[in-house]
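I have placed the structure first, in the form of structure tokens, so that the comments after it can refer back to it.
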Amino acid sequence: MKIVMPMAGRGSRFTKIGVTTPKPLIEVLGKTMVQWSIEGMRHTRPEIKDSDFVFICHADHERDYGISARLQRIAPGATVLFTPVVTEGAACTVLLAKRYIDDEEDMLMVDSDHFVVCPEFRKHRELAIKNDWGGLIPTFERTAPNYSYARIDEQGNVVETREKQVISTHAAVMYYFTKWKYFVSAAEAMIQKNIRYNNEFYMCPVYNEVIAQGHIVRTIPVELAMHLGTPEELQYFIEHVPEKYR
């Protein structure tokens, strides 16, 4: 399984308050933000190898900050890719890994500014692969409009996803696809249909295309999900992250 972390954005919320360091490299309680995200994945799937990580960075962050060397110190052997431009959204950024992931391999996408722990992931992943589902959406309970949401039916199947629209209490925190080719096919279909939110191609709406292509998608609960993507979220994380993870 590959774990893809897109981190090619500008981190504008932090630059507005004078922080010029790329967001993934901002220090938080003695670790970089991206290291927190990586460690969340290690808690989620202890058998994960460093070489399973795929980081997609902005080329400016390599030139100005040597981000690849810093990532290799955290996850030696990981794949580090670069884009010279800010893409049209997270789905487009993840597609840049197309040459580096086998069509049949499964893929989990997590943001580099999220700390997520999901012990249930292993057994649900095995079930999803065994039954050839399209994917899984790890979620937590929320009702705020700044998250992506999945609506499920009585059988527990996802029937619809929406970006920044509260259609349920299942807010997405990661995105898992049982086969890379399922993600690629669905993401490219979404882009061809020009389905955007705020003029960007997001990850959660990709599942609508996965479902339309005949695949089952289900949600799974996470144990802990904490965001570090804004100065306010970062401060909350510093004050409330459980001691056992520090």
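Within the stretch 65-86, is there a residue that is among the charged types (D, E, K, R), out of contact with any Phe, Trp or Tyr (no Cβ under 7 Å at 6 or more places or on another chain) and surrounded by fewer than 23 Cβ atoms within 10 Å (Cβ to Cβ)?
Among the residues of the stretch 65-86, at least one is among the charged types (D, E, K, R), out of contact with any Phe, Trp or Tyr (no Cβ under 7 Å at 6 or more places or on another chain) and surrounded by fewer than 23 Cβ atoms within 10 Å (Cβ to Cβ), which makes the answer yes.
Of the residues Glu188, Glu105, Glu160, Glu126, which is more than 29 Å from Pro24 (Cβ to Cβ), more than 16 Å from the chain's Cα centre (by Cα), acidic (Asp, Glu) and not in a strand (DSSP E or B)?
Result: Glu126 is the single residue among Glu188, Glu105, Glu160, Glu126 that is more than 29 Å from Pro24 (Cβ to Cβ), more than 16 Å from the chain's Cα centre (by Cα), acidic (Asp, Glu) and not in a strand (DSSP E or B).
State all residues of the stretch 20-43 that are out of contact with any helix residue (DSSP H, G or I) (no Cβ under 8 Å at 6 or more places or on another chain) and within 18 Å of Asp60 (Cα to Cα); if no residue qualifies, say none.
Thr20
Do we find a residue being under 25 Å from Met1 (Cα atoms) and touching a strand residue (DSSP E or B) at 6+ places or on another chain (Cβ under 8 Å) anywhere in the stretch 163-171?
Taking every residue of the stretch 163-171 in turn, at least one turns out to be under 25 Å from Met1 (Cα atoms) and touching a strand residue (DSSP E or B) at 6+ places or on another chain (Cβ under 8 Å).
Of all residues in the stretch 200-240, count the ones that are part of a loop (DSSP other than H, G, I, E, B) and either in contact with a Lys or Arg (Cβ under 8 Å, 6 or more places away or on another chain) or more than 25 Å from Val19 (Cα to Cα) (or both).
Adding up the residues that qualify gives 13.
Is it true that Met107 is touching a Leu at 6+ places or on another chain (Cβ under 8 Å), touching a residue at least 60 places away in the same chain (Cβ under 8 Å) and crowded, with 20+ Cβ neighbours inside 10 Å?
Considered against the rule, which asks whether it is touching a Leu at 6+ places or on another chain (Cβ under 8 Å), touching a residue at least 60 places away in the same chain (Cβ under 8 Å) and crowded, with 20+ Cβ neighbours inside 10 Å, Met107 comes out as no.
Results for (1) within 16 Å of Ile3 (Cβ to Cβ); (2) modelled with pLDDT of 95 or more; (3) of a type in the set (Ser, Thr, Tyr), shown as yes or no for each residue.
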{"site": "Met107", "(1), (2), (3)": "yes, yes, no"}
{"site": "Asp113", "(1), (2), (3)": "yes, yes, no"}
{"site": "Gly134", "(1), (2), (3)": "no, yes, no"}
{"site": "Thr161", "(1), (2), (3)": "no, yes, yes"}
{"site": "Tyr176", "(1), (2), (3)": "yes, yes, yes"}
{"site": "Val184", "(1), (2), (3)": "no, yes, no"}
{"site": "Tyr197", "(1), (2), (3)": "no, yes, yes"}
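Residues that are surrounded by fewer than 22 Cβ atoms within 10 Å (Cβ to Cβ), closer than 28 Å to Glu223 by Cβ, more than 17 Å from the chain's Cα centre (by Cα) and modelled with pLDDT under 95: does the stretch 7-20 have at least one?
yes
Could you tell me whether the stretch 118-137 includes any residue that is under 27 Å from Thr20 (Cα atoms) and surrounded by 16 or more Cβ atoms within 10 Å (Cβ to Cβ)?
Within the stretch 118-137, none of the residues are under 27 Å from Thr20 (Cα atoms) and surrounded by 16 or more Cβ atoms within 10 Å (Cβ to Cβ).
Could you list, in sequence order, all residues of the stretch 29-42 that are touching a residue at least 60 places away in the same chain (Cβ under 8 Å) and surrounded by fewer than 17 Cβ atoms within 10 Å (Cβ to Cβ)?
Leu29, Glu39
Say whether the condition of being within 18 Å of Val206 (Cα to Cα) and in contact with a strand residue (DSSP E or B) (Cβ under 9 Å, 6 or more places away or on another chain) is met by at least one residue in the stretch 74-88.
Checking the stretch 74-88: at least one residue is within 18 Å of Val206 (Cα to Cα) and in contact with a strand residue (DSSP E or B) (Cβ under 9 Å, 6 or more places away or on another chain).
The values are calculated or read from the model by the stated rules, or taken from the named source; none is laboratory data. It should be emphasised that the depicted structure is a prediction, and the values quoted were computed from it without experimental measurement. Backbone-built Cβ (ideal geometry, glycine too); neighbour counts: all protein chains shown.
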